[in-house]
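Inspection log for the structure reproduced underneath, given as structure tokens.
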Amino acid sequence: MKPLLLLLALAVPLAATTISVVPVHEPLSMHGTDVDEGITETGEALQATVAARPMALTGAFPEVLVDAIRSPHKLPTNNPNYKIEEVNLLVLCNIGITAETKEDGLHVALNVSQLAVPEGVDLTARQVLKLALVAIRKTLEDYQRPQSEPLQVQVAIAGVDDGTASLKDLETTYKLGGE
């Protein structure tokens, strides 16, 4: 009987995954609240902010960090009148985000093919993307801080059409760490 149990135990693959608790910065709408963020990292006073929240993630880092920036987010509240179900601007505005590590660094794409700023969110598409760029950079800076090698980052705006082609000028490239 023991050899049979040993054989069965060896036949079942062991799934070992590492779960890491990490800060993920998200572009958040503050619609439905009574405050503006003041002057944000984008240089404008907006009813929006970039804030970090801890997340337990597994997968390929740093790609999974970038993917997590677009996680659904309902703000916890103690006020029964606050009924906002979603505050993550990437979710609200249907902006996709993907990341892939290539030989020359991390390639991030913000897909605006389905972009639509909902009524009640007092922001332009450009402002939303600027906040997303800040969230990406801050998330990757936190990740990169303890790393020994620099990380080259390229952020592209994908899925543009005639109405959104001007957003391509927000594309950026930068290096984190290794200074």
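The values are calculated or read from the model by the stated rules, or taken from the named source; none is laboratory data. Keep in mind that what you see is a predicted model, and the values were worked out from it rather than measured. Every residue, glycine among them, receives a Cβ derived from its backbone with ideal geometry; neighbour counts consider all protein chains shown. Heavy atoms of the whole protein, side chains included, go into the accessibility calculation; ligands, DNA and RNA do not. Shrake-Rupley method; radii C 1.70, N 1.55, O 1.52, S 1.80 Å.
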(request) Those residues that are part of a loop (DSSP other than H, G, I, E, B), in contact (Cβ under 8 Å) with a residue 24 or more places away in the chain and surrounded by fewer than 18 Cβ atoms within 10 Å (Cβ to Cβ), I need them from region 61-72; list them, please. (result) PHE61, SER71
(request) Among the residues of region 83-107, write down those that are on the phi < 0 side of the Ramachandran plot and part of a strand (DSSP E or B). (result) ASN88, GLY96, ILE97, THR98, ALA99, GLU100, THR101, LYS102, LEU106, HIS107
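Return the only residue of VAL108, VAL153 being in contact with a Phe, Trp or Tyr (Cβ under 6 Å, 6 or more places away or on another chain) and in contact (Cβ under 8 Å) with a residue 40 or more places away in the chain.
Within the list VAL108, VAL153, the selection yields VAL153.
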(request) State which residue is nearest to THR58 (Cα to Cα) when the search covers only region 128-179 and only residues that are over 20 Å from the mean Cα position of the chain (by Cα) and among the small types (Gly, Ala, Ser). (result) SER148
(request) Write out, first by first residue and then by second, each pair whose Cβ atoms fall under 9 Å of each other, whose residues are 6+ apart or on separate chains, and whose first residue, in region 75-99, is within 18 Å of VAL134 (Cα to Cα) and free of Cβ contacts under 8 Å to residues at least 24 places away in the same chain while the second is of a type in the set (Lys, Arg) and in a loop (DSSP other than H, G, I, E, B). (result) VAL91/ARG70
(message) The conditions are (1) modelled with pLDDT of 85 or more; (2) closer than 24 Å to ASN111 by Cα, and GLU44 fails exactly one of them. Which is it?
(response) (1)
(request) Select from region 73-129 the residues that are open to solvent by 50 Å² or more (accessible area, probe 1.4 Å) and under 30 Å from GLY177 (Cβ atoms) and list them in ascending order. (result) THR98, GLU100, THR101, LYS102, GLU103, ASP104, ASN111, ARG126
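Of everything in region 131-157 that's of a type in the set (Ser, Thr, Tyr) and crowded, with 18+ Cβ neighbours inside 10 Å, which residue is farthest from HIS25 (Cα to Cα)?
TYR143
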(message) With the requirement that a residue be out of contact with any Asp or Glu (no Cβ under 8 Å at 6 or more places or on another chain), at pLDDT 95 or above and of a type in the set (Val, Ile, Thr), what does region 66-86 give you?
(response) VAL66
(message) Looking at the structure I just gave you, is ASP162 charged (D, E, K, R) and touching a residue at least 40 places away in the same chain (Cβ under 8 Å)?
(response) no
(request) Could you grab me the full set of residues in region 127-154 that are of a type in the set (S, T, N, Q) and either at pLDDT below 95 or in a helix (DSSP H, G or I) (or both)? (result) GLN127, THR139, GLN144, GLN147, SER148
